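The structure appears right after this line, and notes come after that.
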Number of protein chains: 2
Amino acid sequence: MIITNGSQQMLYMVTEAMCDEGDVVIVEDPTYFVYLGILQSRGIKGRGVRIEEDGLSLEHLEQVLESLKKSGEIKRLKMLYLVSYFQNPSGVTTSYEKKVGALKLLRKYEKAAGHPIFLLEDAAYRELRFKGEDVKSALSAKGFANRVIYAGTYSKPFATGTRVGFGILPDPVYTAVIRIKGNHDFGTSNLLQQLLVKALSSGRYEEHLTALQKRYAKKAKGMLVAMKQYFPAEVQWWEPLGGLYYWARVPQALKTGVKSKLFQKALAKDVLYVPGELCYANDPTRRKPENAMRISFGGGTEQNIQLGIERLGGVLREMLGK
Amino acid sequence: MIITNGSQQMLYMVTEAMCDEGDVVIVEDPTYFVYLGILQSRGIKGRGVRIEEDGLSLEHLEQVLESLKKSGEIKRLKMLYLVSYFQNPSGVTTSYEKKVGALKLLRKYEKAAGHPIFLLEDAAYRELRFKGEDVKSALSAKGFANRVIYAGTYSKPFATGTRVGFGILPDPVYTAVIRIKGNHDFGTSNLLQQLLVKALSSGRYEEHLTALQKRYAKKAKGMLVAMKQYFPAEVQWWEPLGGLYYWARVPQALKTGVKSKLFQKALAKDVLYVPGELCYANDPTRRKPENAMRISFGGGTEQNIQLGIERLGGVLREMLGK
C-alpha cells in the first residue's frame, strides 16, 4: 500500500508509471474530468465506454476493445480507468459482476496487446453510501489480483482538508509508483497520517462518517424533491445511492456547455454546474454528448440547494420555451 | 506563490515544467542527491560545478557554460540548481555576491542558448542558521526577478512531519507549475496550511525555530569537538553556520562509497553516513570524487553523535593504518 496526497496523486502516479505518450486508456463516458486533465497533460489518449444505471456497459467495452484490436491501437492500451462507486459525475455505481466481467474482457485482449492491461479502480466515493449495501471492489475478483490497482481516499469520507489517499497495487506497479512518489514529494505528511490513525482507532472516523452519510443523504433527497418540483419533465437523471452528484440530461437540442446560453444564464443567477461535455474524453470515434450537467449537492446548504435547483429549473423552462 | 508538499515537490514540478528529456541542468559538485534522482528519473543530464567555502565557483561555472556553448549543449541548458544555504550535503552557503554573479553569467549565455536560463534556488535550510547573519536570496538581485525560482519549506525549520513547502516563481513558470500541481494532487492539505498560519501568526513558529536553532548549534558543536578528538588529522571539513551536515573529506586513496570497506565497517558499527559519490551528477566531463562523506547531526542525540564519531574515527584510523 502507498499513502498519497489524496487519491488524485495516486491516479497521477499510476498513470505516469503505466503510460507513455501516445498510449491509450479506456475511460467511462462520462468520467471524472480531472482525470481527463491528467491524460491530456501526459499526451495519453482516452477512449470512452458508455455507462448504464449499473455501471460500465460490458457490451460496449468489448466493442471498443475489438475496434482497438482491429486498428492495432490495442498495443498502446494500458488501462481501464473506472470510477466505480457513485461515480463523479454520473452518480452511477458499477456492480461487482460487471467489474469481474470487465477484468475478464481485458484479459481476453492481453494477447493482442502483448502486455498486461490493468483495471485502475477509483473508489474515492465508496464510503459515501447512504442507501443499500457496499459493493465489493475489483480487488475481490479471484485470479485478477495482479491486474487491479485500487485508489482510495480519506479526504472525501473524513475531511477534504486532510488530503490523504492510498493505493493498493500489484507488485511491479507498486515498485514503479513508490519510486515516483519518492521523486515527487518524498512522502505524505506524517502528521496527517498520525491524525488519521487516531481518528480511525478511536472510532471518531466512523462516527464522523455516519454523520456525513446522513447529511449527504438529506441533501440528495432535498435536491431530488426540488428537481421533481422545478425541472421540466424532459430532464432525466438516475438516483444515486451515495456520493455527491446528480447527472441531469436535458433534451439533445439544448446544449449545456460552457459557452451555451443555458450555462451563461444559470451562472448569471449564481448557479454553477459542471457542463457534461467536460466529462468526456477527446475520443474521435464518437461525438461528445452536449446535453448533460453534473449537479453537486456536496457543498451547498439544503436551503441553497433548493434555491439553486429552483433557479436552474427556471432557466431550463425558459430555454425549452415552457 | 505556490504551496507544495515540502519543497521537494516544488523542485520536482519546476524540473518537470522546465526540462525535457535530454536537457541539461547545472548542479553543484556535490549537490542534494535526491535532486539528482529527479534528474535521472526524467532523463535530464546534470553538469557539475565545483564549490568553495563561500559557495559556487563562478570561475568554474563560466568554464562549464563556455564548454556547453562550444559543444552546442547550451541549447539544452535550462537551469542552474543551487542549494544556497548550508547546502545538503556540504554545509556550504553561497554568498549573495556569488548568486548575483551566477545570474549574470547565466544571462550572458542566454543568447547562445536561445532561451532563458533560470536559477532554481533551493533554500530548504535557510532558517536553520545558528551563526552569523542571513544571506539575501537571489530574489533580491535587481533585474533578475524573471529568472529566479525560489523553493522554501516549513518542514525543516518547523516540523518535518508537516511537509509544507512553497515556491516563488516568475510568471510563465508559475503558470506551468500551478497546472502541474493541479494534475499531481489537486492542492496541498488545507489543514496543514491552517496549522502553519496559526503557528506563524501566534509566534509559536518563531519560538520553536529559535529552540531548534539552539539545539542544532549544540549538536554541531558536539560533533565538531568529537571530530577533532577522534578523526585522524588528514580528514578535512568546513564549519557550517547552520543546517544539519558536515562534509568530511578523507585522503583520496581511501574510498567512502557504498561498497567500500570504510562504509561497510562503519555500518557494522551502526554508523551510517551518506557516501559522497551519491552526491555527484553523472557528469562525464569529470571523475566523481570518491573520498567524501556527509555526516548529519540532525537526528541523533548529542550522546549518540559523540559515540558515532568516535566509532567512525576508529574505522578511519584503522583504514589509514594508524
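Taking the condition touching a Ser or Thr at 6+ places or on another chain (Cβ under 8 Å), at pLDDT 95 or above and of a type outside the set (Gly, Ala, Ser), does residue B:237 pass?
For residue B:237, the condition - touching a Ser or Thr at 6+ places or on another chain (Cβ under 8 Å), at pLDDT 95 or above and of a type outside the set (Gly, Ala, Ser) - is not met.
Here is a check on your reading of the model: is residue B:259 surrounded by fewer than 16 Cβ atoms within 10 Å (Cβ to Cβ) and closer than 28 Å to residue B:95 by Cβ?
Against the criterion (surrounded by fewer than 16 Cβ atoms within 10 Å (Cβ to Cβ) and closer than 28 Å to residue B:95 by Cβ), residue B:259 does not qualify.
Within segment A:163-183, can you find the residues that are touching a strand residue (DSSP E or B) at 6+ places or on another chain (Cβ under 9 Å) and not small (Gly, Ala, Ser)?
Listed by number, the residues that qualify are A:163, A:164, A:166, A:168, A:169, A:170, A:173, A:174, A:177, A:178, A:181.
Scanning segment A:133-169 for residues that are hydroxyl-bearing (Ser, Thr, Tyr) and assigned to a strand (DSSP E or B), which turns out nearest to the other protein chains (Cβ to nearest Cβ)?
Result: A:153.
Of all residues in segment B:170-189, which are hydroxyl-bearing (Ser, Thr, Tyr) and either modelled with pLDDT under 95 or in a loop (DSSP other than H, G, I, E, B) (or both)?
B:188, B:189
With the structure loaded, tell me whether residue A:211 is over 30 Å from residue B:158 (Cβ atoms), at pLDDT 95 or above, within 13 Å of chain B (Cβ to nearest Cβ) and assigned to a helix (DSSP H, G or I) or whether it fails that test.
no
List every residue pair whose Cβ atoms lie under 6 Å apart, where the two residues are 6 or more positions apart in sequence or sit on different chains, the first residue falls within segment A:182-195 and is at the interface with chain B (Cβ under 7 Å from one of its Cβ atoms), and the second residue, located anywhere, is among the β-branched types (Val, Ile, Thr) and part of a helix (DSSP H, G or I).
Pairs that qualify, where the first residue is at the interface with chain B (Cβ under 7 Å from one of its Cβ atoms) and the partner is among the β-branched types (Val, Ile, Thr) and part of a helix (DSSP H, G or I), are A:183/B:38.
Could you please let me know if residue B:217 is open to solvent by 10 Å² or more (accessible area, probe 1.4 Å) and more than 14 Å from chain A (Cβ to nearest Cβ)?
yes
For residue B:275, only one of the following conditions fails: (1) in contact (Cβ under 8 Å) with a residue 40 or more places away in the chain; (2) closer than 30 Å to residue B:135 by Cα; (3) open to solvent by less than 70 Å² (accessible area, probe 1.4 Å). What is its number?
If we test residue B:275 against (1) in contact (Cβ under 8 Å) with a residue 40 or more places away in the chain; (2) closer than 30 Å to residue B:135 by Cα; (3) open to solvent by less than 70 Å² (accessible area, probe 1.4 Å), just (1) comes out false.
From the set of residues in segment B:37-80 that are away from every other protein chain (no Cβ under 14 Å) and at positive phi, which is most open to solvent (accessible area, probe 1.4 Å)?
B:72
Go over the candidates B:234, B:206 one by one and state the one that is in a loop (DSSP other than H, G, I, E, B), out of contact with any Cys (no Cβ under 8 Å at 6 or more places or on another chain) and among the charged types (D, E, K, R).
Result: B:234 is the single residue among B:234, B:206 that is in a loop (DSSP other than H, G, I, E, B), out of contact with any Cys (no Cβ under 8 Å at 6 or more places or on another chain) and among the charged types (D, E, K, R).
When you check residue B:288 against the structure, is it open to solvent by less than 80 Å² (accessible area, probe 1.4 Å) and either under 18 Å from the mean Cα position of the chain (by Cα) or not aliphatic (A, V, I, L, M) (or both), yes or no?
yes
All but one of (1) within 17 Å of residue B:242 (Cα to Cα); (2) surrounded by 16 or more Cβ atoms within 10 Å (Cβ to Cβ); (3) at pLDDT 95 or above hold for residue B:154; state the number of the condition that does not hold.
Condition not satisfied by residue B:154: (3).
Which ones in segment A:81-105 are among the basic types (Lys, Arg) and either open to solvent by 10 Å² or more (accessible area, probe 1.4 Å) or free of Cβ contacts under 8 Å to residues at least 40 places away in the same chain (or both)?
Answer for segment A:81-105, where residues must be among the basic types (Lys, Arg) and either open to solvent by 10 Å² or more (accessible area, probe 1.4 Å) or free of Cβ contacts under 8 Å to residues at least 40 places away in the same chain (or both): A:98, A:104.
Could you please find all residues in segment B:117-133 being over 17 Å from the mean Cα position of the chain (by Cα) and open to solvent by 50 Å² or more (accessible area, probe 1.4 Å)?
B:131, B:132, B:133
Would you say residue A:71 is of a type in the set (Ser, Thr, Tyr) and over 30 Å from residue A:297 (Cβ atoms)?
Taking the combined requirement at face value, the residue satisfies it.
Restrict the check to segment B:221-239 and report whether at least one residue is open to solvent by less than 20 Å² (accessible area, probe 1.4 Å), of a type in the set (A, V, I, L, M) and under 25 Å from residue B:133 (Cβ atoms).
yes
When you go through A:81, A:125, A:85 one by one, which is the residue that is aromatic (Phe, Trp, Tyr) and touching a helix residue (DSSP H, G or I) at 6+ places or on another chain (Cβ under 7 Å)?
Among A:81, A:125, A:85, only A:81 is aromatic (Phe, Trp, Tyr) and touching a helix residue (DSSP H, G or I) at 6+ places or on another chain (Cβ under 7 Å).
Considering only residues of segment B:1-36 that are open to solvent by 10 Å² or more (accessible area, probe 1.4 Å) and β-branched (Val, Ile, Thr), which is farthest from the other protein chains (Cβ to nearest Cβ)?
B:3
Among the numbered criteria (1) in contact with a strand residue (DSSP E or B) (Cβ under 8 Å, 6 or more places away or on another chain); (2) under 30 Å from residue A:221 (Cα atoms), which one does residue A:136 miss?
The single condition residue A:136 does not satisfy is (1).
The values are calculated or read from the model by the stated rules, or taken from the named source; none is laboratory data. Because the structure is a prediction, the values reported are computed rather than measured. Virtual Cβ from ideal backbone geometry, glycine too; neighbours counted across all protein chains shown. Just the protein is used for accessible areas: all its heavy atoms, side chains included, with ligands, DNA and RNA removed. Shrake-Rupley method; radii C 1.70, N 1.55, O 1.52, S 1.80 Å.
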